[in-house]
Amino acid sequence: MRRPTTKGFARTSSLLRETIRKAGESRGFAVTRVLTHWAEIVGDDTAAICKPVDVKYNRQGLGATLTVLTTGAQAPMLEMQKEKLRDKVNAVYGYNAIARLRITQTAATGFAEGQAQFAHRPKAAKKEIKPEIQKEASDMAASVQDEGLRQALERLAGNYLTKTNR
């Protein structure tokens, strides 16, 4: 008796998912670009209240659905800006890559505290380097001719010497 190779039927969408993703990327639509460059695409104000979570292709393979996560209080504001956000994302790619935008909500507090914060952490303030360490770092990089490279090497040496002299 022959055993079946699959345990039932597989959806056509699951069989074609990889092909559709490759076709989208060949037209310039890389999912990771939306996820990693969100603030540049939609602006800092919008990026502070929401973040992209997922991009999924529909069964027909025409246009994708972008899922955006926000808090319950900001969801109505984003709902009104839905088409503008979709247009901004599509403007990056030059064609209608995102057909639909889905907004999901999360509580400001919940199972994982602080998970609803979308703003980037502020950069840490630069620590002052002691003058004697700065002099030593400058001496190390003095032989380099390129000004930008010399300054970068001075900063690197200063940071290294500060951490090793604790």
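Each reported figure results from applying straightforward, stated rules to the coordinates on display, with no laboratory input. Here the structure is a predicted model, which is why all the values come from computation and not from measurement. Heads up, the Cβs are rebuilt from the backbone with ideal geometry, glycines too, and the neighbour counts pull from every protein chain shown.
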> Which value in nm describes the separation of the simple spin-label points at Ala73 and Ala99, placed 7 Å from the Cα toward the beta carbon?
Replying inline: 3.6 nm
> Put a dot 7 Å past each Cα toward the Cβ at Met80 and Glu40; how far apart are the dots in nm?
Replying inline: 3.0 nm
> So who's got an amide H within less than 5 Å of the one on Arg102, skipping anything under 5 residues away but keeping other chains? H placed 1.01 Å off N, in plane.
Replying inline: Leu66, Thr67, Val68
> Gain in length, Lys130 to Gln145, computed as 0.36 nm per residue apart minus the alpha-carbon separation, to one decimal in nm?
Replying inline: 2.9 nm
